[in-house]
Structures are given as C-alpha cells and as structure tokens.
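The next block holds one structure in the form of structure tokens; read it before the comments.
Just so you know, all these numbers are worked out from the coordinates, no wet-lab data involved. The structure displayed is predicted, hence computed values, not measured ones. Ideal geometry is used to build each Cβ from the backbone, glycine not excepted, and the neighbour counts take in all protein chains shown.
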Amino acid sequence: MSAALSVSALEKRYGSTTALAGVDLEVNEGELVGLLGPNGAGKSTLVKIACGLVRPTRGQAEVCGARAGSLEARRQIGYLAELFRFPGWYSADELLVLHQRLSGSGGGAAERGELLELVGLSDARDRRVEAMSKGMQQRLGIAQALVGTPKLLLLDEPTSALDPVGRRTVRQLLEELQSRGTSVLLNSHLLSEIELVCDRVVILLRGKVVSEGSPAELSRGRGVEIETDEGTRVYDGTREDVPRLVAELVAAGRKVYGVQVLTSTLEDTYLEAVGGETS
C-alpha cells in the first residue's frame, strides 16, 4: 500500500538559496507526523511541494502513489495554510459550500453539518466569518480542509490562534481523524502539542532532516538522580538500573531518601538538534 506522503531525495533551490537539501520522509496511512524546525528550515517549502504549489528542483514527492501536484494527488489532500483569509461576508455554511464546489465534493448539507460538528461550530452555521473570533475562524479553516474526506491532511500551525480549550478540541479532532485512517502532517512551533498528538516527529534544519522518531524515542534518558545521606548524585543508567543502584548504595551503608529517573524532553532534543537557531 502506498504511503499517504512519500518524499525521496527532495531538493529545492531558489537561486543561490537552498530550501531543501535532500529530504526523505514518509507519512503512512493513519499516521500523525509532526514537522518541527526554526524559520527557514524548509518546512513550508516541503508542504507547498506536497500540495503542488511549488515544483522541486530534484527528487520526488508522491501523495497516495501519485505525483505531487497532479490532479490525482490534489484530490487526496486537505490543506490549511498558516495565514489564511476567508471572505468576511460568507457564513460558515456558505464557505463550506464554496469549498465543496471547488473540490468536487458531493457530500452536500450532511457533510457540512458533520464537519461543523467535528470542529465545534454547529451553533455557528449561519454566522458570518467577520463576526467570528480568530479561534472560531481557525476551526472553520480545519473544517474546510476536511471537505471531500481527504486521505492526507496538511496543517500549518492549526492551533496558533486557539485558547487551551480550542487546542484540546483540535487534539480530539486529530485523534478522531486518525482513527478513521486519515494521515496528517502537522507543522507547528508548539512542541507540547506535537508531543501530545504525534506518532512521529521530524526535525528540519537548513533543509535537512536532523532528527526523527517517536516522541518517546526522542526523549532520551539522562541518568538516575539519587539522594542519599551524602547528598544528591546522578548515576549512569535507566529505569531498569534503579533497583541495582539502590541495592548497591544500601549495601555500602548509604541511606537512600529519593530516586528520580531523568529524561530529556522533546524540547531538549529540539534545542540540541537546531542549536542556536531561532523559530
């Protein structure tokens, strides 16, 4: 079965500037992959190539086995840009009607109702965009990205304008979509959101993948901190080494008052990967 998104040796140059320098990446069916990196790392270029908005200089990108940018590929994609604008005079329902027409979706009123319910806007069906808060507009943007039941969802900072309740709504929505087999590539600067919802994380820096793995894999161990009557010390080891370390200390006559297994967070791993580069 073809991956929802497959990128191989992908390169993109704008004159003398290299945006992507040989990126390999896959998003499998039903997988939620987080894309991290500072500004200028190549994240937006990668997403635009997947959408067919930008052509690669070298390498290839495929969506569900079809060349990115082809009609077959575009039919499988739902996209929410970071800086989107909807006509203020449209109601939520009218906006979804427009996007149904643009995508060729025959879902009708039933699809629109389901999408508005999914993003928590059932009561705002007839409200104009200009009368909505930024958070409501953000959720409406996610609804329009889901028109036509795309197999691959490309989301660029989908929770940037949301309060904690709105972010939780989006997380629950992503979990629901994943259970339906929808694949998601999530571009976000909110490491806590990525850590909570993503199966896998890819960190880009200067157009290259510098780190990749599940949040648990990227949260490496940093030893075991043990407090005794002689003070606090960090020992080499993992959770499995705790009984042995404590037994050795007790056998040596030490009194053990506390034990803590130290792990690096996704933030630690990210900062280590990108060095001093800022987002």
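For a Förster distance of 25 Å, can you work out the FRET efficiency between the beta-carbons of R206 and R55, rounded to the nearest 0.05?
Details: r = 21 Å, r/R0 = 0.83.
Once the sixth-power term is evaluated, E becomes 0.75.
Calculate, in nm to one decimal, what A110 and L71 gain on full extension: separation in residues at 0.36 nm each, minus their alpha carbon distance. Walk me through the numbers before you get to the answer.
Numbers: separation 39, 0.36 × 39 = 14.04 nm, distance 2.55 nm.
Full extension of this stretch gives 11.5 nm more.
Taking a ≥ b ≥ c as the square roots of the eigenvalues of the Cα gyration tensor of the range 221-263, is the shape rounded (a/c under 1.5), prolate (a/b larger than b/c) or oblate?
Values: a/c = 2.44, a/b = 1.48, b/c = 1.64.
The shape class here is oblate.
Mind putting a number on the dipole of the chain about its Cα centre? Charges go on the C-beta only, +1 for Lys and Arg and -1 for Asp and Glu, and I need it in Debye to the nearest 20. Write out the running numbers ahead of the final one.
Numbers: 32 positive and 38 negative charges, 216 e Å.
Charge dipole of the chain: 1040 debye, to the nearest 20.
Mind listing the long-range amide H neighbours of E157? Cut-off is under 5 Å, sequence gap 5 or more, other chains count too, H placed in the peptide plane at 1.01 Å from N.
N187, S188
Nearest 20 debye, what's the magnitude of the dipole of the range 132-279 about its Cα centre given +1 on Lys and Arg Cβ and -1 on Asp and Glu Cβ?
Working: 17 positive and 22 negative charges, 106 e Å.
With Lys and Arg at +1 and Asp and Glu at -1, about 520 debye.
So if I take the centroid of the Cα atoms in the range 58-85 and the same for the range 206-228, what is the distance between those two points in Å?
With the range 58-85 and the range 206-228 each reduced to a Cα centre, they are spaced 32 Å.
Can you tell me how much longer the chain between Y90 and R168 gets when fully stretched, taken as 0.36 nm per residue apart minus their C-alpha distance, in nm with one decimal? Could you put the intermediate results ahead of the total?
Numbers: separation 78, 0.36 × 78 = 28.08 nm, distance 2.64 nm.
Contour length minus the Cα-Cα distance gives 25.4 nm.
Pick from V250, V259, V234 the residue whose mean-square fluctuation is largest in a GNM of the chain, springs joining Cα atoms under 10 Å.
Among V250, V259, V234, the largest mean-square fluctuation in the Gaussian network model of the chain belongs to V250.
If I take R0 = 30 Å and measure r between the Cβ atoms of L271 and T232 in this structure, what FRET efficiency does the formula 1/(1 + (r/R0)^6) give, to the nearest 0.05? Display every interim value, and only then the final one.
Values: r = 24 Å, r/R0 = 0.81.
Calculated transfer efficiency: 0.75.
Check the straight Cα-Cα distances from K208 and name the aspartates and glutamates below 17 Å, setting aside those fewer than 8 residues away within the same chain.
E11, D24, E26, E272, E277
In the range 220-241, which residues have a backbone nitrogen under 18 Å from the label point lying 7 Å from Y257's Cα in the Cα-to-Cβ direction?
225-235
Find, to one decimal place in angstroms, the Kirkwood hydrodynamic radius of the chain, where the mean of 1/r is taken over every pair of different Cα atoms and then inverted.
Details: mean 1/r = 0.0480 Å⁻¹.
Computed over the chain, the radius equals 20.8 Å.
Using alpha-carbon positions, what is the distance between the centroids of the range 105-147 and the range 245-275, in Å?
Centre-to-centre (Cα) distance: 47 Å.
Residues with beta-carbon under 11 Å from that of L155, excluding L155: net charge, scoring Lys, Arg +1 and Asp, Glu -1? Could you put the intermediate results ahead of the total?
On the way: positive: none; negative: E82, D156, E157, E193.
Once positives and negatives cancel, what remains is -4.
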